[in-house]
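Chemist: A single structure is presented below for examination.
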Amino acid sequence: MFDTEIDNKERGQVGIGTLIVFIALVLVAAIAAGVLINTAGFLQTQAQSTGEESTEQVSTNLVFLSSTGTVTEDGSSNPAGIKSFNTTVQLGPGSNAINLNDSTISVFTDSGDSVEFDGVDETGITLSGSEVLSTDSSSEDATATLEFDVAGAGIGETIGGTEALGSGTTVDIVITTPSGTQAETSFIIEDPLDPQLSEDQDIRLS
């Protein structure tokens with residue numbers, strides 16, 4: 001009789017211990033499940049954000065159409081470089097609208113000069129056309145021309161008393177859109193320039 005009571009107590013203690021272990025396992029599982037759910041939610045949000053950024057970058061792009069420059073002469077009245085230049089851009093196929101005034105425009109020359117414009121409302125750069133390029137290709141706002149003044153941009157040398165880019169200079173123009181995509185064009189100023197050219201004449205660069 002006494003042994004039976006001891007067995008019952010031992011069984012009761014074992015049962016309580018098992019219950020405690022079971023409850024602990026349930027709590028651990030619940031905590032682990034909560035961590036997994038939070039992690040999954042974070043990863044889903046991050047993936048969605050990354051996907052949206054990638055889509056925005058792919059669908060936002062510019063195309064350069066052409067570039068021209070304005071001739072300047074040296075002290076002997078020979079065409080020796082350009083004192084200003086411009087480039088015309090439009091949206092790439094399927095691109096979203098782009099605000100050029102929210103874009104960064106950088107100009108580099110092979111002589112080591114460079115300048116960066118935060119938008120199109122700074123000294124050395126002017127815009128002909130709308131700041132926001134239209135997605136409607138038939139609209140007059142579908143294209144815009146960026147005009148660069150060499151003296152104002154501070155990227156030239158003195159030629160015939162005028163700040164200019166000399167013949168043979170390579171120029172790179174990079175536009176970084178608000179979404180982070182980049183479009184680039186470059187041109188080389190002909191060397192020598194056609195001797196029939198004169199001051200203030202426009203020439204095709206690209």
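Chemist: In segment 122-129, is there at least one residue being over 20 Å from SER66 (Cα atoms), buried (at least 16 other Cβ atoms within 10 Å of the Cβ) and acidic (Asp, Glu)?
Modeler: No - not one qualifying residue is present in segment 122-129.
Chemist: Could you check segment 167-182 and list, in sequence order, the residues that are surrounded by 19 or more Cβ atoms within 10 Å (Cβ to Cβ) and either in a strand (DSSP E or B) or of a type in the set (A, V, I, L, M) (or both)?
Modeler: VAL171, ILE173, ILE175
Chemist: With the condition kept exactly as written, say whether any residue in segment 46-55 is modelled with pLDDT of 55 or more and under 23 Å from the mean Cα position of the chain (by Cα).
Modeler: Within segment 46-55, one or more residues are modelled with pLDDT of 55 or more and under 23 Å from the mean Cα position of the chain (by Cα).
Chemist: How about segment 162-177: which of its residues are closer than 14 Å to ASN86 by Cα and of a type in the set (Val, Ile, Thr)?
Modeler: The answer is VAL171, ILE173, VAL174, ILE175.
Chemist: Shifting gears a bit: Could you check segment 130-149 and list, in sequence order, the residues that are outside any strand (DSSP E or B) and in contact with a Ser or Thr (Cβ under 6 Å, 6 or more places away or on another chain)?
Modeler: ASP141, ALA142
Chemist: Identify all residues within segment 107-121 that are surrounded by fewer than 16 Cβ atoms within 10 Å (Cβ to Cβ) and under 23 Å from GLY168 (Cβ atoms); write none if there are none.
Modeler: ASP110, SER111, GLY112, SER114
Chemist: Is it fair to say ALA164 is in contact with a strand residue (DSSP E or B) (Cβ under 6 Å, 6 or more places away or on another chain), modelled with pLDDT of 95 or more, closer than 16 Å to ASP74 by Cα and outside any strand (DSSP E or B)?
Modeler: Against the criterion (in contact with a strand residue (DSSP E or B) (Cβ under 6 Å, 6 or more places away or on another chain), modelled with pLDDT of 95 or more, closer than 16 Å to ASP74 by Cα and outside any strand (DSSP E or B)), ALA164 does not qualify.
The values are calculated or read from the model by the stated rules, or taken from the named source; none is laboratory data. Just so it is clear, the structure is predicted and the values come from calculations on it, not from any experiment. So basically every Cβ, Gly included, is an ideal-geometry build from the backbone, and we count neighbours across all protein chains shown.
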